[in-house]
Amino acid sequence: MKGLGMVLGVLAGAVLLFPPPASGQLSRCKARVGGSDGVIAVKARGFSGQLLWGESAGSETNAFSNEGTCGAAAGPNAARCTLGDVGPPPESAAITPPRLCTIYLRDQAGAGDQCSAHIKGCTPGVRGEDLECVEVELADTFSAGTSWNRTPECPTGKVVTGGGYQASELGVEWSASRTYGSLNAHFCQGYYPSGADVDVKCLAQCCKGEAVDCIEVELADTFSAGTSWNRTPACPAGRVVTGGGHQASELGVEWQASRTYQSLNAHFCQGYYPSGPDVDVKCLAQCCK
């Protein structure tokens with residue numbers, strides 16, 4: 001027991017030999033969501049320069065909205081650093097967490113010390129402002145008896161997430177309106193049997209490529225004349241339906257529905273084929289994460 005006491009005494013003395021963390025080192029950070037207003041608040045200790053934040057390690061380039069409270073002059077500690085104007089009401093940036101629910105901090109002074117804070121209770125995923133979506137359209141005017149197809153493509157850096165069509169007149173027989181991930185485009189195909197000239201648009205919905213990862217899920221069948229049907233391709237777990245469409249190998253299919261169902265996380269197609277040779281039909285869901 002005497003020997004053990006000597007060892008403990010030596011260890012206790014050894015602990016005193018280690019210096020405490022130097023001031024000016026970013027040593028601790030936390031993040032939480034306010035219960036009353038949903039504002040994300042970050043707490044940091046031990047910084048000496050400009051305190052910056054980002055959504056990943058190495059991307060800390062954003063100053064906090066309340067820089068006076070969380071800037072270099074406020075060091076070494078700050079208790080409520082916010083990502084946006086807190087209002088009231090708070091703006092979107094103040095209450096929207098990063099897509100992976102973790103905020104990364106860097107002290108711009110000295111060695112650029114870093115730390116990270118996970119937001120408890122946050123759900124990871126793409127945020128609306130991350131998508132930066134645009135529509136790309138191809139427009140034409142066709143006379144009676146014309147068949148056509150158009151394929152508006154998404155620009156570099158954008159990914160097709162959906163699309164559709166529009167016509168100024170009834171009577172257009174649409175045989176296809178679907179996304180093509182391999183082409184990064186939306187595809188429309190139709191025939192206009194009779195009537196006044198018709199203005200037609202084919203549109204692609206294109207969102208920021210680095211923010212989304214999309215796949216196509218399809219259900220394919222062959223139907224004979226006189227058949228009614230519906231199909232509902234569903235997105236796999238971890239992906240969300242953002243669009244979809246349909247395609248047929250023959251004209252004359254009467255499409256009653258082609259729409260997304262958020263509640264089912266799927267796309268729904270319904271139609272009737274009154275007459276003609278057997279027709280190959282596809283119903284497709286565009287599924288992104």
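The values are calculated or read from the model by the stated rules, or taken from the named source; none is laboratory data. The structure displayed is predicted, hence computed values, not measured ones. When we count neighbours, we look across all protein chains shown, and the Cβ atoms used for this are built from the backbone with ideal geometry, even at glycine.
What about S194, is it in contact (Cβ under 8 Å) with a residue 40 or more places away in the chain, part of a loop (DSSP other than H, G, I, E, B), among the hydroxyl-bearing types (S, T, Y) and not assigned by TED's automatic domain parsing to the domain that holds C29?
Details: in contact (Cβ under 8 Å) with a residue 40 or more places away in the chain: yes; part of a loop (DSSP other than H, G, I, E, B): yes; among the hydroxyl-bearing types (S, T, Y): yes; not assigned by TED's automatic domain parsing to the domain that holds C29: yes.
So S194 passes the test.
Among all residue pairs at least 6 apart or on different chains, which show Cβ distances below 9 Å where the first residue, located in the stretch 90-102, is farther than 15 Å from V42 by Cα and the second is acidic (D, E)? That search, which allows pairs on different chains as well, returns P90/D37; E91/D85; S92/E129; R99/E55; R99/D130; L100/E55.
In this structure, A257 does not qualify as surrounded by fewer than 20 Cβ atoms within 10 Å (Cβ to Cβ), part of a loop (DSSP other than H, G, I, E, B), over 20 Å from the mean Cα position of the chain (by Cα) and touching a residue at least 24 places away in the same chain (Cβ under 8 Å).
Look through the stretch 186-200, keep the residues that are of a type in the set (A, V, I, L, M, F, W, C) and in contact with a Phe, Trp or Tyr (Cβ under 7 Å, 6 or more places away or on another chain), and return whichever of them is surrounded by the most Cβ atoms within 10 Å (Cβ to Cβ). I'd like the intermediate steps shown before the answer.
Pass one, the stretch 186-200, residues of a type in the set (A, V, I, L, M, F, W, C): 187-188, 196, 198, 200.
Restricting the remaining residues to those that are in contact with a Phe, Trp or Tyr (Cβ under 7 Å, 6 or more places away or on another chain) gives 187-188, 198, 200.
Values: F187: 21, C188: 25, V198: 19, V200: 22.
The residue in question is C188.
Within the stretch 57-76, residues that are closer than 13 Å to Q108 by Cα and among the hydroxyl-bearing types (S, T, Y) have Cβ atoms under 9 Å from residues that are in a strand (DSSP E or B) and modelled with pLDDT under 80 in no pair, counting only partners at least 6 apart in sequence or on another chain. When L183, L219, L203 are checked against the criterion of being surrounded by fewer than 20 Cβ atoms within 10 Å (Cβ to Cβ), hydrophobic (A, V, I, L, M, F, W, C), in contact with a strand residue (DSSP E or B) (Cβ under 9 Å, 6 or more places away or on another chain) and closer than 30 Å to S143 by Cα, L183 stands alone in meeting it.
Mind listing whichever residues of the stretch 147-177 are touching a helix residue (DSSP H, G or I) at 6+ places or on another chain (Cβ under 7 Å) and either surrounded by fewer than 20 Cβ atoms within 10 Å (Cβ to Cβ) or hydrophobic (A, V, I, L, M, F, W, C) (or both)?
Within the stretch 147-177, G157, V159 qualify.
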